[in-house]
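One structure is given below, encoded as structure tokens.
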Amino acid sequence: MLNWGVMGAGGIAYVFCNGMRFTDSGQILAVASRTQSRIDRLANDYNIPRQYSDYDSLLTDDDIDAVYIATIHPLHEEWAIKCAEAGKHLLIEKPISMNHAEAAAMVEAARENDVFLMEAFMYRCHPQIAKVVELIQDGTIGEVLVIRSTFSYRSNFNPQSRIFNREMGGGGILDIGCYTASMTRKIAGAAANELFLNPIEVKGNGKVGPTGVDHIAAATLKFENGIIGEIIAAVECSVGSSVFIYGSEGSITIPSPWLPSSPCRHAREPLPLDTVFPSTKIIVESQQNRQEITVDVDRDLFTYEADTVANHIADRQAPAMSWDDTLGNMQLLDAWLAEVGVVHLVT
Ligand SMILES: NC(=O)c1ccc[n+]([C@@H]2O[C@H](COP(=O)([O-])OP(=O)(O)OC[C@H]3O[C@@H](n4cnc5c(N)ncnc54)[C@H](OP(=O)(O)O)[C@@H]3O)[C@@H](O)[C@H]2O)c1
């Protein structure tokens, strides 16, 4: 059983701790946060025995095997490298870093210090994605031609929030565009019998707001196998959140690509241990047929993520989101941000 330390006690840390209650692959041993009220809430709700008011204390706690970095993204690189140097395995919230260069340094630190590292794309750990890959590789929709991937929500403009504040790594491309980029690369890869593919061309456009970060952004991608991808990320308005894959003989729709089967994501308190986790659906249409495929689950989305770490820790990376996959994704985000004209301040 892995002993986890949680670094940063914000919104997603609460969700992850809830998910950890539904597995015996690990337990939350410690939480580190700069904010006492957050420590209190997390520690009380999840009976976390060790509480630290600074992140450094997690590094020196010899009983911690793995650290879940759940801070705002500009802090990911610094703390991931410190954790790796302290011999801690790593699960790091998405986006893993502010850019490709930072991600490369983090991967190098994991390699040099022989620790596990995975970017926390929880949707990649859910059985839904394995089913989609299987459908594509079985030729269910023929040759894959176009992938359209969207993640969006409406957030009221607040220059102090991590969504809009440039110093805090704001903007939709980093916050949610990373999902659309990683999904499109995953599907294009599945069509080529690879774990992922990187695009050979990226063209983008977007709306940049007064704080210098993107509110709405779109990009078109071209892959070496001819697939065209369209990715959209918006934090100013909702334009849907779904994935469509069009092939020569049909299409696949993923109505709930990012947060399937996750009561933990919306819970404001620890969920009962007899919680039933909802299945999710994939729609396949070809010729005159329309088929709804149900993907059943036995855990929360975030439990699958924690279990993925535990199952692959000895390999130091997981096929759900390998090091090269993460590096390719960050390269795409760099290109997309440059096309839209967003320059992030990175120290
Ligand atoms: N996988 C998912 O579904 C998902 C969902 C949401 C967010 N995320 C990712 O998780 C990370 C955290 O997002 P969140 O929504 O949890 O954010 P949040 O609720 O605003 O929490 C931000 C966290 O960052 C820490 N932090 C450190 N320095 C900070 C600073 N100068 N200003 C503000 N916060 C600071 C805070 O730590 P203290 O506790 O020490 O105060 C807090 O725990 C982001 O990288 C985000 O992209 C992932």
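Only the coordinates and a few stated rules stand behind these numbers; no lab work does. Note that the structure is predicted; figures quoted are calculated from it, not measured. With ideal geometry, Cβ positions are generated from the backbone for all residues, glycine too; neighbour counts draw on all protein chains shown.
Annotations for the structure displayed:
- The order of His89, His100, going from fewest to most other C-beta atoms within 10 Å of their C-beta, is His100, His89.
- Anisotropy class assigned to region 2-121 is prolate, per the alpha carbon gyration tensor with a/c at or over the 1.5 cut-off and a/b larger than b/c.
- Per-bin percent of Cα-Cα distances, region 58-102 [10 Å]: 32, 54, 14, 1
- When the Cα atoms of region 202-347 are aligned to their principal axes, the ranges along those axes come out at 49, 48, 36 Å in descending order.
- Based on C-alpha pairs under 8 angstrom that are at least 6 apart in sequence, the chain has a relative contact order of 20 percent.
- Sparse packing (at most 13 other Cβ atoms within 10 Å of the Cβ) combined with a DSSP loop state is found for the following trypsin sites (Lys or Arg not before Pro) in region 240-307: Arg268.
- Taking the Kirkwood radius as Rh and the Cα radius of gyration as Rg, the chain has a ratio of Rg/Rh equal to 0.95.
- Cut-off 11 Å, label 7 Å out along Cα→Cβ of Lys207, residues of region 233-252 by amide N: 234-239
- Gaussian network model of the chain, springs between alpha carbon atoms under 10 Å - residue of Pro127, Pro255, Pro159 with greatest fluctuation: Pro159
- Added length on full extension, which subtracts the Cα-Cα distance from 0.36 nm per residue, Val276 to Ala130: 50.4 nm
- Order by protection proxy (mean Cβ within 10 Å, highest first), peptides 32-43, 232-243: 232-243, 32-43
- 3J(HN,Hα) along region 211-217, derived from phi through the Karplus expression 6.51 cos²θ - 1.76 cosθ + 1.60 where θ = phi - 60°, amounts to 8, x, 10, 6, 8, 9, 8 Hz, with x in place of Gly and Pro.
- Restricting region 116-176 to trypsin sites (Lys or Arg not before Pro) in coil, as DSSP defines it, with at most 11 other Cβ within 10 Å: Arg154
- With both residues required to sit in the chain, DSSP beta bridges show an antiparallel share near 55%.
- Note: relative contact order over region 136-226, using C-alpha pairs below 8 Å and six or more positions apart, is 27 percent.
- Over 27 Å between alpha carbons, listed pairs Lys88/Lys203; Lys82/Lys186; Lys94/Lys281; Lys94/Lys203; Lys94/Lys131; Lys203/Lys281: Lys88/Lys203; Lys82/Lys186; Lys203/Lys281
- Length released on extending from Ser37 to Thr347, taking residue separation times 0.36 nm less the Cα-Cα span: 108.7 nm
- For the pair Asn193 and Asp324, the difference between a 0.36 nm per residue extended length and the Cα-Cα distance amounts to 45.6 nm.
- Listing Thr347, Thr326, Thr180 from fewest to most neighbouring C-beta atoms within 10 Å gives Thr347, Thr326, Thr180.
- Using θ = phi - 60° and Karplus 6.51 cos²θ - 1.76 cosθ + 1.60, couplings along region 330-338 (whole Hz; Gly, Pro as x): 5, 4, 5, 5, 4, 5, 5, 4, 5
- Seen through its C-alpha gyration tensor, with square-root eigenvalues sorted a ≥ b ≥ c, region 247-332 comes out oblate because a/c lies at 1.5 or above while a/b is not bigger than b/c.
- Loop-resident GluC sites (Glu not before Pro) (DSSP state other than H, G, I, E or B) in region 93-164 with no more than 11 further Cβ atoms inside 10 Å of their Cβ are absent.
- Residues Trp4, Trp258 arranged by fewest to most Cβ contacts within 10 Å: Trp258, Trp4
- Across region 2-121, Cα pairs under 8 Å and at least six residues apart give a relative contact order of 23 percent.
- Modelled spin-label separation between Tyr153 and Ser286, with each label point placed 7 Å from Cα along the Cα-to-Cβ direction: 3.6 nm.
- Prolate/oblate/rounded label for region 51-187 (Cα gyration tensor, a/c 1.5): oblate
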